[in-house]
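Everything below concerns the one structure shown next.
The values are calculated or read from the model by the stated rules, or taken from the named source; none is laboratory data. Here the structure is a predicted model, which means the values were calculated and not measured. So basically every Cβ, Gly included, is an ideal-geometry build from the backbone, and we count neighbours across all protein chains shown.
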Amino acid sequence: MTLDGQVALITGAGRGIGRAIALTFAQDGARIAVTGRTQESRERVSAEIVAAGGDARPFELDVTQDNEAVQAVAEVLSVWGRIDILVNNAGIIQYDTPVWATTVEEWDAAMAVNLRGMFLCCRAVAPHMMERNRGVIINIGSSSGRMADHEYGPYTATKWGVVGYTVSLARSLRPHGIRVNGINPGWVDTDMSRALNPQGDPDWSTPEEIAQTALFLAGQAPKDMTGQFIDVFGSQ
Ligand code: NDP
């Protein structure tokens, strides 16, 4: 168990990839701050972990809200006194075709969750990690953050932004003992992908496969591995 006793704060942990990361980290001994904007799902995942013998608590966190990021971090610290791992997983996608006709509302919504939300959570957690001179931040990007396509304009822009911010933050936090890396999944079988492609595809990754990649980055990755993305989209 590489994460034994560590505390992980995971955004958007109530379903999909975030839920899988929460369960996987808990199985590996981590205490999980199951954060999310929807009360029912964050409480359900937290209860699921506790029922399996793990340690977890739900915390309210809409990542678009700076005050909620600051408040959630303060609450987690008051419960466990430490945050070792932050996983910025919360994300949304819209189907914008043609991309040039994207509305301002769609653009702003994608930026607010995928990019600004990640930034707000990093900003809220970093001072605590710097104080302890240790920490791991994992940002969930996308294959759309490596290869542009013709359908998801703002989503693609946010995910390229996730890569850029992650690498910049990694360089800035390296002297403080904090590793910042990311994962670029391809299609993963979750509500997000099923909303775009209801019939699914056997080639898609499972949320658990992405969670195992996150577990490597959180636990076993070399201490000097920072500012890197692991691409998990062999089928694309
Ligand atoms: P889902 O749609 O299944 O889940 C999205 C999660 O993000 C939900 O928990 C949702 O919470 C949460 N969320 C959305 N907006 C906010 C917000 N404002 N504040 C807090 N939480 C929020 O998506 P996935 O699990 O598939 O996606 C997770 C991440 O993986 C995303 O960043 C996505 O871009 C990325 N990804 C997914 C791929 C895929 O094929 N599925 C491929 C590549 C990347 P709620 O339940 O409240 O809506």
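Condition check ((1) crowded, with 24+ Cβ neighbours inside 10 Å; (2) over 16 Å from the mean Cα position of the chain (by Cα); (3) at pLDDT 95 or above) across all residues:
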{"position": "I17", "(1), (2), (3)": "yes, no, yes"}
{"position": "L23", "(1), (2), (3)": "no, no, yes"}
{"position": "G29", "(1), (2), (3)": "no, yes, yes"}
{"position": "V34", "(1), (2), (3)": "yes, no, yes"}
{"position": "S46", "(1), (2), (3)": "yes, yes, yes"}
{"position": "A51", "(1), (2), (3)": "no, yes, yes"}
{"position": "V63", "(1), (2), (3)": "yes, no, yes"}
{"position": "D66", "(1), (2), (3)": "no, yes, yes"}
query = Take the residues of the stretch 202-211 that are near the ligand (Cβ under 10 Å from one of its atoms) and free of Cβ contacts under 8 Å to residues at least 60 places away in the same chain: which is surrounded by the most Cβ atoms within 10 Å (Cβ to Cβ)?
reply = S205
ask   = Hey, does the stretch 188-207 have a residue that's closer than 27 Å to A126 by Cα and either at pLDDT 95 or above or among the polar types (S, T, N, Q) (or both)?
value = yes
inquiry  = For the stretch 82-109, give me each residue that is of a type outside the set (D, E, K, R) and within 20 Å of D28 (Cβ to Cβ).
reply    = I83, I85, L86, V87, N88, N89
G227, sole failed condition from (1) within 11 Å of the ligand (Cβ to nearest atom); (2) modelled with pLDDT of 95 or more; (3) part of a loop (DSSP other than H, G, I, E, B) = (1)
key: Pick from the stretch 169-194, criterion free of Cβ contacts under 8 Å to residues at least 24 places away in the same chain and part of a helix (DSSP H, G or I), ranking: farthest from the ligand (Cβ to nearest atom)   = P175
key: Options E48, E105: the member that is under 23 Å from Y152 (Cα atoms) and among the acidic types (D, E)   = E105
message = Taking the condition of being away from the ligand (no atom under 16 Å from the Cβ) and surrounded by fewer than 18 Cβ atoms within 10 Å (Cβ to Cβ), how many residues in the stretch 129-166 meet it?
response = 6
message = I'd like the full set of residues that are aliphatic (A, V, I, L, M), over 17 Å from I21 (Cβ atoms) and either surrounded by fewer than 16 Cβ atoms within 10 Å (Cβ to Cβ) or within 13 Å of the ligand (Cβ to nearest atom) (or both), limited to the stretch 71-98.
response = A74, V79, I92, I93
inquiry  = Quick check on my filter: what residues within the stretch 127-168 are in a strand (DSSP E or B), of a type in the set (A, V, I, L, M) and within 15 Å of V113 (Cα to Cα)?
reply    = I140
key: strands (runs of 3 or more DSSP E) contained entirely in the stretch 1-100, each with at least 2 residues that are without any contact (Cβ under 8 Å) to a residue 60 or more places away in the chain   = 31-36, 55-60
request  = Only one of these is modelled with pLDDT of 95 or more, over 22 Å from T64 (Cβ atoms) and of a type outside the set (S, T, N, Q): R146, R116, R123, R179. Name it.
outcome  = R179
